[in-house]
Amino acid sequence: MPDRTPYVAANWKMHKTVAEAAEFVDALLPQIAATQSDVVICPPFTALGAVVERRYGTAVKVAAQNMHEEGSGAFTGEVSASMLVELGVEAVVLGHSERRQLFGESDEGLARKVAAALAAGLEPILCVGESEEARDAGQTDAVLEHQLEADLAEVNADDFGRLVIAYEPIWAIGTGRTATPEQAQETIAFIRDALRMRGGAGETVRILYGGSVKPGNAAELMAQPDIDGALVGGASLDPADFAAIVKAT
Ligand code: PGA
């Protein structure tokens, strides 16, 4: 099996002030000093700079939760990839289901964002996932195939290895209802195959599971052969819980 370094990301969503973010990083760092995994913190825009400063000299990376695809312009309220890079940010979450559902994020727009992130040297963490209705209707594979096809439309298959994909079934996000390790494994293996079929680096791309990952269920999810890490929401707000998840990878 190819070597894929485990990858664990803390998606704070709209939580934590600058002071709270700094406190979290100070509490987390000593607890994960021995990890060999890639650890990524995704604070809100306002706390990005503080987390970048606080993690200096450590292996922790920092990701934004969104960005605009243009470099600059009349886009009130938006932030560009180059602005993030200037701050010291290394990655960006794109296409989270909350952005797709609550803020009208489209696959066409995401395709441009993924390409812009790569062009700026940011690592995209592209989120894909099906709704409960789609899963019940047996449409999971079709939904995922469509999202991958559309969202990666502007990415050369040779660059797939620069992406991180997060599989997040919408019905498992913030609900306490985790996909079973078998469900997550099966679906992530399907995503890996779909990338391979498109001529990409299916074996090297890291694919994460997200949706109600907790210290108590992380190890059995991470033990699955195709699950390379986790995108963690609620449980990432507490440094001890997040550290326990990091240690499970
Ligand atoms: P959750 O969120 O861990 O709270 O389910 C995951 C996510 O939305 O990335």
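Is there a quick way to get the dipole size of the range 174-249? I mean about its Cα centre, with the Cβ of Lys and Arg at +1 and of Asp and Glu at -1; what is the value in debye to the nearest 20?
For the range 174-249, the charge dipole is close to 160 debye.
Shape of the range 1-104 from its Cα gyration tensor (a ≥ b ≥ c, root eigenvalues): rounded if a/c is under 1.5, otherwise prolate when a/b > b/c, or oblate?
Prolate, because a/c is 1.5 or more and a/b exceeds b/c.
Under the classification rounded if a/c is under 1.5, otherwise prolate if a/b is larger than b/c and oblate if not, where does the range 118-168 fall, given a ≥ b ≥ c as square roots of the Cα gyration tensor eigenvalues?
Prolate, because a/c is 1.5 or more and a/b exceeds b/c.
Please state the relative contact order of the chain as a whole percent: Cα pairs under 8 Å, 6+ residues apart?
Relative contact order for the chain comes out at 22 percent.
Find the centroid of the Cα atoms in the range 26-93 and in the range 225-249, then give the distance between the two in whole Å.
First find each Cα centre; the distance between them is then 17 Å.
Using +1 at the Cβ of each Lys and Arg and -1 at the Cβ of each Asp and Glu in the chain, identify which of A142, T76, T249 lies farthest towards the dipole's positive end.
Checking the options against the dipole of the chain, the answer is T249.
At what distance in nm do the modelled label points of E186 and S82 sit from each other, each positioned 7 Å from its Cα along Cα→Cβ?
4.8 nm
For the range 67-143, what does the relative contact order come out to in percent, with C-alpha contacts under 8 Å and a separation of six or more?
So the answer I get is 32 percent.
What translational diffusion coefficient, to the nearest whole µm²/s, does the chain have by Stokes-Einstein, given a Kirkwood radius computed over alpha-carbon pairs, a temperature of 20 °C and 1.002 mPa s viscosity?
120 µm²/s
In the chain, with Lys and Arg counted as +1 and Asp and Glu as -1 at Cβ, which of these residues, G161, I207, V18, has the Cα nearest the positive end of the dipole, that is, farthest along it?
V18
Which value at 222 nm does the chain reach when only helices count, each DSSP H run of 4 or more adding -39,500 (n - 2.57), with the total divided by all residues and rounded to the nearest 500 deg cm²/dmol?
Helices in the chain give a 222 nm mean residue ellipticity of -12000 deg cm²/dmol.
I need to check one value: relative contact order of the range 1-110, counting alpha carbon pairs closer than 8 Å and at least 6 residues apart, in percent.
23 percent
Nothing charged except the Cβ atoms of Lys and Arg (+1) and of Asp and Glu (-1): what's the magnitude of the dipole of the range 1-154 about its Cα centre? Round to the nearest 20 debye.
In debye, rounded to 20, the range 1-154 gives about 600.
Each value in this text was obtained by applying a stated rule to the coordinates, not by laboratory testing. In this text the structure is predicted, and so the values were computed from the model without any measurement. Quick reminder, even Gly has a Cβ in these numbers, built from the backbone with ideal geometry, and neighbours come from all protein chains shown.
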